[in-house]
1. Can you work out which of the residues in region 81-103 that are more than 18 Å from the chain's Cα centre (by Cα) and within 30 Å of Q147 (Cβ to Cβ) is least open to solvent (accessible area, probe 1.4 Å)?
2. Out of curiosity, is L100 closer than 24 Å to N169 by Cβ and touching a residue at least 12 places away in the same chain (Cβ under 8 Å)?
3. Quick one: which residue in L259, L224 is within 13 Å of the chain's Cα centre (by Cα) and either at negative phi or not β-branched (V, I, T) (or both)?
4. Which one of T187, T196 is hydroxyl-bearing (S, T, Y), out of contact with any helix residue (DSSP H, G or I) (no Cβ under 7 Å at 6 or more places or on another chain), open to solvent by less than 50 Å² (accessible area, probe 1.4 Å) and more than 21 Å from T63 (Cβ to Cβ)?
5. Being surrounded by 16 or more Cβ atoms within 10 Å (Cβ to Cβ), modelled with pLDDT under 95 and not in a loop (DSSP other than H, G, I, E, B), is that true of even one residue in region 114-135?
6. Among the candidates I241, I181, I218, which residue alone is crowded, with 22+ Cβ neighbours inside 10 Å, farther than 25 Å from H9 by Cβ and hydrophobic (A, V, I, L, M, F, W, C)?
7. Every residue in region 160-191 that is aliphatic (A, V, I, L, M) and part of a strand (DSSP E or B), please.
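The values are calculated or read from the model by the stated rules, or taken from the named source; none is laboratory data. Please read these numbers as outputs of a predicted model, since none were measured by experiment. Cβ atoms come from the backbone with ideal geometry, glycine included; neighbour counts cover every protein chain shown. These area figures cover heavy atoms from the full protein model, side chains too; ligands, DNA and RNA do not enter into them. Shrake-Rupley method; radii C 1.70, N 1.55, O 1.52, S 1.80 Å.
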Amino acid sequence: MDRVKRVIHCDRAYKMGLNGKNITVAVMDTGIAPHLDFDQRILHFEDFCQKKLAAYDDNGHGTHVAGIIGGSGLMSKDKRGVRLLSGVAPRVRFVVLKVLDRKGNGVTSHVLEGMDWLLQNREKYQVKILNISVGMMASAGKNEQEQLLHAVDEAWNQGIMVVTAAGNNGPKENSVTIPGISRKVLTVGSWDDNVTETGNSGRLTKNYSGFGPTECCIVKPEVLAPGTNVKSCSKDAKGYIVKSGTSMAAPVVSGAVALAYQKHPDYTPAEMKLKLYESVYPRGEQIGRKCWGMLHVNNLVV
């Protein structure tokens, strides 16, 4: 995460005192472990898989994602006291919706239940951002696709900035997973998907990041962020693990958006999306990608 934050240029934002304080991010994933890096910032946990009450993560993916967004880095202090593995916005609050099982698989009904719950409780927990590092393939039933796309669009309409992963089925065109193809939500690809992957997954090929245009000729993903070899919180309460994929790139952007909302709390999702469009650097044409460009946090929080 120390490397990631250098790549996306966070230094000026942190000097401004931005850290995500009082911003609530909803994470729809495999759950969240009670890692020490999350302090007391997990406001609510809702389990749509096994209906358990206490927060848990029997896979680890969701915990890793949450750590990228806002882990405090407490357990990664070096000899100087520097927290090397803190998330992009280390003071955010979390609402966690477990919709995926221990294998990282899910059913559409659980995701839709999670979306319904979120819309009913958005104001109670003051949710500003929803991170979805979950994707449905285009081969899924048409009705399921439409239901999920409608759900994320409705969340966007009600004031939640929805950030989704582009999926790992690239680099061919029209390879973005659902709901990332929605014209409203912000879809994130991996900037460093041409880097050799290390760690324990060992499954991704080079240039894995999903790309558009979509069937409706929409440029996707809009924004790129680091996603390969990202070290973040593990489901062990004290440990860290390396993972790769657009699932890791999306929470980098969610954390950056949390910093921006701290600076501009009244922005609508559409206004925040425009701010991202204006702030990315290098631009897509400069790096040979069909996208807006690379996340640049210092530009975003101006």
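1. So, considering only residues that are more than 18 Å from the chain's Cα centre (by Cα) and within 30 Å of Q147 (Cβ to Cβ), the one least open to solvent (accessible area, probe 1.4 Å) is D101.
2. Here the answer is yes, as L100 does meet what is asked.
3. Within the list L259, L224, the selection yields L224.
4. After applying the criteria, what remains is T187.
5. no
6. I181
7. M161, V162, V163, A165, I178, L186, V188, listed by residue number.
Residue by residue, here is whether (1) of a type in the set (V, I, T); (2) at pLDDT 95 or above holds:
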position: T246; (1), (2): yes, yes
position: V253; (1), (2): yes, yes
position: V257; (1), (2): yes, yes
position: Y261; (1), (2): no, yes
position: P265; (1), (2): no, yes
position: T268; (1), (2): yes, yes
position: K273; (1), (2): no, yes
position: Y277; (1), (2): no, yes
position: G284; (1), (2): no, no
